[in-house]
């Protein structure tokens, strides 16, 4: 049986830029999540590495928000690849005919379509999209105030693109995991402390 080849796209230039401005890159914690689960993956540090990596599925962690990257990701999906994102992919929203809703800092997610997941899950970072362009299959729901509160958007949205697909989770799962493990207030403190007159980034992974 052929094993699926998984890739993680974490653009080094974008990471350095964010760190230079004192911004955390908690999305990169996806590497630790996969390693802990024993899932092998190919690491890519720039979009140009994608064609040669020959992976079946790419987790789009941190990428530049430019047209070149958008075109490369779209082409990858059209050729049969699968893109997975956690609260990101803003650069493809317009192509998919979607509009971004307001960011949700915390709330609860439900996924009743999956029988094994019967309880609401806590999240600490999410951004839902309003779908209206490309045919979209949605699953689950976000609830900003309480597990039984008004739905604030879909938890998972899926699009078929050419021979491939795009799967976007509204919840930023890696960031939520970091906050739950270390505490949200601690993460914010780590960003705000200066060092030698410059904003300091303390990595949480």
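Quick grid of which residues meet (1) out of contact with any helix residue (DSSP H, G or I) (no Cβ under 8 Å at 6 or more places or on another chain); (2) part of a helix (DSSP H, G or I); (3) modelled with pLDDT under 95; (4) surrounded by 21 or more Cβ atoms within 10 Å (Cβ to Cβ):
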| residue | (1), (2), (3), (4) |
| --- | --- |
| 3 | yes, no, yes, no |
| 73 | no, yes, no, yes |
| 76 | no, yes, no, yes |
| 80 | yes, no, no, no |
| 83 | no, no, no, yes |
| 95 | no, no, yes, no |
| 99 | yes, no, yes, no |
| 102 | yes, no, yes, no |
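Taking the conditions exactly as written (more than 15 Å from residue 164 (Cα to Cα) and touching a residue at least 40 places away in the same chain (Cβ under 8 Å)), does residue 64 satisfy them or not? I'd like the intermediate steps shown before the answer.
On the way: more than 15 Å from residue 164 (Cα to Cα): yes; touching a residue at least 40 places away in the same chain (Cβ under 8 Å): yes.
Yes: the conditions hold for residue 64.
Identify all residues within region 122-138 that are buried (at least 16 other Cβ atoms within 10 Å of the Cβ) and out of contact with any helix residue (DSSP H, G or I) (no Cβ under 6 Å at 6 or more places or on another chain); write none if there are none.
126, 127, 128, 129, 131, 136, 138
On the given criteria, is residue 67 under 14 Å from the mean Cα position of the chain (by Cα) and at negative phi?
no
Here is a list of conditions, (1) under 16 Å from the mean Cα position of the chain (by Cα); (2) within 30 Å of residue 53 (Cα to Cα); (3) in a strand (DSSP E or B); (4) in contact (Cβ under 8 Å) with a residue 24 or more places away in the chain, and residue 88 meets all of them except one; can you say which number that is?
(3)
Please indicate, with yes or no, whether at least one residue in region 40-59 is closer than 18 Å to residue 169 by Cβ and surrounded by fewer than 19 Cβ atoms within 10 Å (Cβ to Cβ).
The first filter runs over region 40-59 and keeps only residues closer than 18 Å to residue 169 by Cβ, leaving 41, 57-59.
Add one more test, that the residue is surrounded by fewer than 19 Cβ atoms within 10 Å (Cβ to Cβ), and what stays is 41, 57.
Checking region 40-59: at least one residue is closer than 18 Å to residue 169 by Cβ and surrounded by fewer than 19 Cβ atoms within 10 Å (Cβ to Cβ).
Condition first: surrounded by 15 or more Cβ atoms within 10 Å (Cβ to Cβ) and under 18 Å from the mean Cα position of the chain (by Cα). Now tell me which residues in region 20-31 satisfy that.
24, 25, 26, 27, 28, 29, 30, 31
Just the residues that are assigned to a strand (DSSP E or B) and within 14 Å of residue 93 (Cβ to Cβ), please, taken from region 129-179.
At the first step, the residues of region 129-179 found to be assigned to a strand (DSSP E or B) are 129-131, 136-139, 141-143, 151, 156-161, 164-169, 171.
Selection gives 129, 130, 131, 136, 157, 159, 161, 166, 168.
Take the residues of region 107-118 that are more than 30 Å from residue 162 (Cα to Cα) and in contact (Cβ under 8 Å) with a residue 24 or more places away in the chain: which is surrounded by the most Cβ atoms within 10 Å (Cβ to Cβ)?
107
The values are calculated or read from the model by the stated rules, or taken from the named source; none is laboratory data. All values reported here derive from a predicted model rather than from experimental measurement. Cβ atoms come from the backbone with ideal geometry, glycine included; neighbour counts cover every protein chain shown.
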